[in-house]
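Working notes for the structure below.
The values are calculated or read from the model by the stated rules, or taken from the named source; none is laboratory data. Predicted model, so just to flag it, every value in this text is computed and none were measured. Reconstructed Cβ throughout: ideal geometry from the backbone, glycine too, with neighbour counts over all protein chains shown. Just the protein is used for accessible areas: all its heavy atoms, side chains included, with ligands, DNA and RNA removed. Shrake-Rupley method; radii C 1.70, N 1.55, O 1.52, S 1.80 Å.
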Amino acid sequence: MDNTKKIFLTLGLIVLLPAIFYSVYEISSLDETETMLGELYGRQLDAVLFSVNQHVLDVSSGWATQIENNIANGAFDRILSDNPSITGIIIADTSLNTVALHPRAIPVPRDWARRYEVTFGQLIRYRALKYRKLEPVIDTDSTLLILFAPSSSPTLVAGIMVRTDRFVAEVIGRKLSDIARNDLVLNIASASTGATLYSTHPRTAFEFSQERPLWILPDHVVKVRMLGSTVEEEARARYRENMTLIVALNIVLLTGAVMAYRLIKREMELVAMRTDFVSNVSHELRTPLALIRMFAETLEMKRVKTEAKRQEYYSIILHETERLTRLINNILNFSRMESRTRRYSFAPMDLNALIGSILTVYSYRLETLGFTVETSLAPELPQITADEEAVAEALHNLIDNAIKYSGERKFLRITTSLSGNTMRISVQDHGVGIPKEHHSKVFEKFYRVSQGLVHTAKGSGLGLAIVHHIVDAHHGTITVNSEPGHGSTFTITLPLTIPQQQLS
Ligand code: ADP
């Protein structure tokens, strides 16, 4: 496994895994809270229901007892006037033939004998076991029938006709309001249509936590929720908050991990480049040294016959010494740049003149290598404020590169021009060129384009980093325009003058 993958895995393990574990834990614990709340509401509603059922059972049993007590004399008036929700009382024999109807005008429930035959059959069996059971049935939308077999009259059965809305409001509702007080909202609603029959709160459109069927009103339910912001809503809000936090935390961690990964990767690339640098520089030092030594020895042994040859050897020695000096200067300047101790001394200078003298120094070499050299220098350039030595160093590096990466087509053009308050200097070659993806990186320290065998020339990877630093110190810019196989143009722009306070 390569190092990059290792870093990625390590970062993943130390940063992301705990985040994922925490997220999963949080989400599952929220689930637990929901379940717990569900149970809590369930128990609460069971208690409410028990109390309501007990109450309506007490009330309806009271009615049944009163009817039983008066079944012989038929004096039901009092019961009806005391309980406005009772609309009628039916007494029938065990074959369900009506024996008495109170009030007399009230119609017998439709199809009564056939519909309630089975229910009464059960009630009569209960009576035989000495148990008076009440059986509520919804007769019509507005009428509830409470059927029972009175124990005092073994040959009769009875039905209490009740107006559902009144019964709900006066009997069940009152009890619900007592229970609900200011803490709960309790609703009675139809289980099939969802329509609310009664609510302890004027607002009915609540979201309810739980519901249970109501014994006295078949096909109806009691619903419950807390008044105000419920524990459930609080939990949901907390859930949303936690989820947002978890997502944000994960994003931050992920961004951190990606950034850390990039930094580490960059550092590792730098380490690798530094290692290359050492071997490149050793090579760069060794080559001119070997040449100098070889030619100096040949000269010392007086083996060279002609003066012309001797001159050629001298100039080779001189050239290689210059190369060595430049390389060592580059390294020294680079180390000053790195330790931020490099100082520039700005003074007015003539750029065209500087280029002229640099080209004179290079002329022999360029000529020997077969270069076509073109210059296009803007006439009457004003002087610029710059560190002449540093500008010369930058141009040396650019020209060195143009020569080094010239490939087959030996061409060099140096252009100066003036645009507004800035001076432009271009160094152009027709050499191997630089693929686009490397354009921004070539100015980084130690960076060398080694991909795809673009070139085999040796170098330290410091030249353009130094040029960049120098240009920066002059508040200028450097850009590259290059295409593989079509050569490169490096363009420096320098301000004509640098404000005093910006001079470093
Ligand atoms: P080096 O010592 O490698 O020349 P530089 O910092 O001067 O270091 O250049 C960085 C890299 O940019 C070089 O290794 C080379 O790949 C590329 N480069 C620079 N100048 C040129 C050029 N004129 N033509 C083609 N490639 C160039």
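Taking all protein chains as they are arranged and a probe of 1.4 Å, the heavy atoms of I434 leave approximately 20 Å² accessible to solvent.
Where the eigenvalues come from the Cα gyration tensor of the range 34-113, what are the semi-axes √(5λ) of the equivalent ellipsoid, largest first, in whole Å? Don't skip to the answer; put the middle values down first.
Numbers: eigenvalues 276, 48, 25 Å².
That gives 37, 15, 11 Å for the three semi-axes.
Two tests apply to each whole DSSP H helix in the chain, Cα reach of 18 Å or more along its axis and mean Kyte-Doolittle hydropathy of at least -0.5, and the ones passing both are 17-70, 231-300, 351-369, 388-404.
Taking the Cα centroid of the range 320-381 and of the range 150-227, what is the distance between the two, rounded to the nearest whole Å? The range 320-381 and the range 150-227 have Cα centres spaced 99 Å from each other.
Is there a quick way to get the dipole size of the chain? I mean about its Cα centre, with the Cβ of Lys and Arg at +1 and of Asp and Glu at -1; what is the value in debye to the nearest 20? Present the calculation step by step, with values, prior to reporting the outcome.
Numbers: 53 positive and 54 negative charges, 175 e Å.
Result for the chain is approximately 840 debye, rounded to the nearest 20.
Indicate the gyration tensor shape class of the chain (rounded, prolate or oblate), computed on the Cα atoms with a ≥ b ≥ c the square roots of the eigenvalues: a/c under 1.5 is rounded; otherwise a/b larger than b/c is prolate and the rest oblate. Prolate. Distance between the C-alpha centres of the range 266-291 and the range 1-79: 73 Å, rounded to the whole angstrom. Would you mind checking K265/K410; K302/K404; K5/K445; K404/K436; K6/K441 for any pair whose Cα atoms are more than 27 angstrom apart? In this structure, K265/K410; K302/K404 lie more than 27 Å apart at Cα.
With +1 on each Lys and Arg Cβ and -1 on each Asp and Glu Cβ, and nothing else charged, work out how big the dipole of the range 345-502 is about its Cα centre, in Debye to the nearest 20.
On the way: 11 positive and 15 negative charges, 103 e Å.
Taking the Cα centre of the range 345-502 as origin, the dipole is about 500 debye.
Per the 1.4 Å probe, what fraction of the accessible area of the range 345-502, in percent, lies on carbon and sulfur atoms? Mind dumping the intermediate values first?
Details: 3780 of 7450 Å².
So the carbon and sulfur contribution to the accessible surface is 51 percent.
At the residue level, V15 shows approximately 30 square angstrom of accessible surface with a 1.4 angstrom probe and all protein chains present.
What ranking of F206, F76, F8 comes out by heavy-atom accessible area, probe 1.4 Å, highest first?
F8, F206, F76
With every protein chain left in place, what is the accessible area of T287 in Å² (1.4 Å probe, nearest 10)? For T287, the solvent-accessible surface is approximately 50 Å². Here is the result for the range 247-315: no GluC sites (Glu not before Pro) lie in DSSP coil with at most 12 other C-beta atoms within 10 angstrom of their C-beta. The helix-only estimate of mean residue ellipticity at 222 nm for the chain, built from DSSP H runs of length n ≥ 4 each weighted as -39500 (n - 2.57), is -17000 deg cm²/dmol after division by the residue total. If you take the alpha carbon atoms of the range 345-502 and fit the smallest convex hull around them, that volume is 111 Å³ per residue.
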